[in-house]
1. Specify the angular offset, from 0 to 90 degrees and rounded to the nearest 10, of the alpha carbon long axis of helix A:160-177 from the longest principal axis of the alpha carbons in chain A.
2. For a quick check: with amide H placed at 1.01 Å from N, whose amide H comes under 5 Å from A:Leu32's, ignoring anything fewer than 5 positions away on the same chain?
3. Taking only C-alpha pairs under 8 Å that are 6+ residues apart, what is the relative contact order of chain B in percent?
4. So for the protein assembly as shown, taking the charge dipole from beta-carbon charges (+1 Lys/Arg, -1 Asp/Glu), which of B:Ala170, A:Leu44, B:Ala66 sits furthest toward the positive end?
5. Sum -39500 (n - 2.57) across every DSSP H segment of at least 4 residues in chain B, then divide by the residue count to get the 222 nm mean residue ellipticity, nearest 500.
6. Mind listing the phi-derived Karplus ³J(HN,Hα) values for region B:123-128, rounded to whole Hz, using 6.51, -1.76 and 1.60 with θ = phi - 60°, and x for any glycine or proline?
7. At a probe size of 1.4 Å, how large is the accessible area of A:Thr15, to the nearest 10 Å²?
8. Can you find, among A:Gly130, A:Leu97, A:Ile33, the residue farthest towards the positive end of the dipole of chain A? Put +1 on the C-beta of Lys and Arg, -1 on that of Asp and Glu.
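The values are calculated or read from the model by the stated rules, or taken from the named source; none is laboratory data. Every value quoted in this text rests on a predicted model; they were computed, and no experiment measured them. Cβ sites come from the backbone with ideal geometry, for glycine too, and all protein chains shown count toward neighbours. Each accessible area value is taken on the protein alone, full model and side chains, heavy atoms only, with ligands, DNA and RNA left out. Shrake-Rupley method; radii C 1.70, N 1.55, O 1.52, S 1.80 Å.
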Amino acid sequence: MLTLSSISVAFAGRTILHNVDFTLAQGSFCGLIGSNGSGKTTLLRTILGLVKPDRGTVDTGGHEIGYVPQKIQLDPFMPLRARDVVALGLDGNRFGLPLPSAARRRTVDAMLTAVDATGFADRRVGDLSGGQQQRIMIAHALVRRPKLLLLDEPLANLDLRSVAEVVSLLHTLSFEQRITVLLSAHDMNPLLPVMDRIVYLANGSSVSGTVGEVVRGAVLSRLYGYHIDVIRVHGRVLVVAAGGEDGLDADIACEPVHVTQIR
Amino acid sequence: MFSGFMINTWIAASIVAATAGLVGFFVVVRGASFAAHALPLSIFPGAAAAAWLGINEIGGLVAFAALGVIGIDALSRRGRPEVATALTLVMLLGLGTLFLSRTTTYAQEVYGLLFGQVLGIGAADITPIALVSAAAAGAVLLLFRPLLLSAVSRDLAQARGAAPARTDLAFLVILAMASAVALPVVGALLVFSLMVGPAAAARNLTDRAGLAIALSVAISLLTVWAAIALSYLTNWPVGFFVGFFGALAYGLGRGALHLRRARRAMA
Ligand SMILES: Nc1ncnc2c1ncn2[C@@H]1O[C@H](COP(=O)(O)OP(=O)(O)OP(=O)(O)O)[C@@H](O)[C@H]1O
Ligand SMILES: [Mg+2]
């Protein structure tokens, strides 16, 4: 379905990704986990073909890809209804005026139902809540029925309830329509119940596998290059660096999520 | 006020207003107000250049519109678009000062180009105004969906294969053309208010893009018609009325949006 073979990307001589390899089977739900600046967005844009890798290949099997970019700021003054944004996902690149068509409307309606957005489909998109906007973005990405869906931090800035709703929506879509989902996040915890694969990025390198294979002290220590402990508590996973204040590495210092969880 | 020599004014002003209402909608939703402000001012010296060279005024304005687009596009490849726009404005205005000093254009004509002139439109101007406006309007309708999608999000447009950088450049050309033909009618300083006022009002009155465009065109036409009639009757500059009605429409639109949101919050 999706295979990355020794992908390396450098910007202005600085290596961002180095020999990233992984394969996803059709219908799998994979978390792409890494701290800020670890290269998650760069990796997703490489899969989309928007970033050309310096080395390595991406094989998407010719499948169409749906994409939800990071941090979309919708203008509250934009005169567009939620359903118009979904319709733009269908044919927003086409020339000419969109002629009213029953088939087009049915496709959009079906997608709005699939993401449970019929209740606010006719509201101005900029007036919707963060969770509602995220549903609309997912519908926009899926309206052409791609078999591969990439989402860049779709859970950031959502409250706990919306996070749970969006995760369960994605899980249902992935399960029922056999869509392969690759979703980036800096915190893996909300995804633990649903993801069957994980790609963990740090220092430009990656490890991938099942959560049980990857989220282990020994594996992550090798990836980070210093000692890491993985603590499981109350059904949550905490990834913490060992060592006192002197030993606190810059890379761990920029993972506030992990630090807050220890307190 | 509908006598022979005023007919050209009514026709030209209606064409220009309808185009500004249409293009202005995308100025507003794409957040291109600064370019819409700077382009007419950069283009205005084209009229002086035309007078100096003895060619058609619209021709001079369109030529400067092209220079403005080339300047902004070339400079924004290396830096921020606002800086590129400002630099282009400064360079073309400098060129304009030179042309103005070379010609025997009177202060009154310059004043007309800046603030608009009701009686300045001749029969020979109608055809170029109509052709350039039709081209700008046609381009907007052709690019309707890419323009809208990249206004929602450049990332989404790029992922959908809608080439946002190319769409940006096409829109700059459209904006420059619409500005060049609106300029002799409403004046360089107030093309901006005709582009932004009606469209900003319209987007607050409805949540549908198509309807918002229709409203924007309608408000723009009403603004210009009322401005010409009042200018004719009072002898005050047409630009004053265009600016006044543009601001009024915007204020009323904001009020209407506020009311609609308050009503929904109560429902
Ligand atoms: N176009 C670019 N040119 C130069 N450097 C870039 C470019 N895009 C990204 N980078 C750099 O590459 C690194 C990885 O960026 P990327 O956006 O992929 O990280 P990320 O994991 O998505 O981070 P975040 O969690 O903050 O979204 C960063 O150090 C960033 O500064
Ligand atoms: Mg990112």
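1. Tilt of helix A:160-177: around 70 degrees.
2. Under 5 Å from the amide H of A:Leu32: A:Leu183, A:Ser184, A:Ala185, A:Val199.
3. Values: 423 pairs, mean separation 82.4, N = 267.
Computed over chain B, the figure is 31 percent.
4. Result: B:Ala170, furthest along the dipole toward the positive end.
5. Details: 13 runs with 228 residues, N = 267.
Computed mean residue ellipticity for chain B: -29000 deg cm²/dmol.
6. Taking θ as phi minus 60°, the curve returns 4, 5, 7, 4, 4, x Hz for region B:123-128.
7. For A:Thr15, the solvent-accessible surface is approximately 90 Å².
8. Farthest along the dipole direction, towards plus: A:Leu97.
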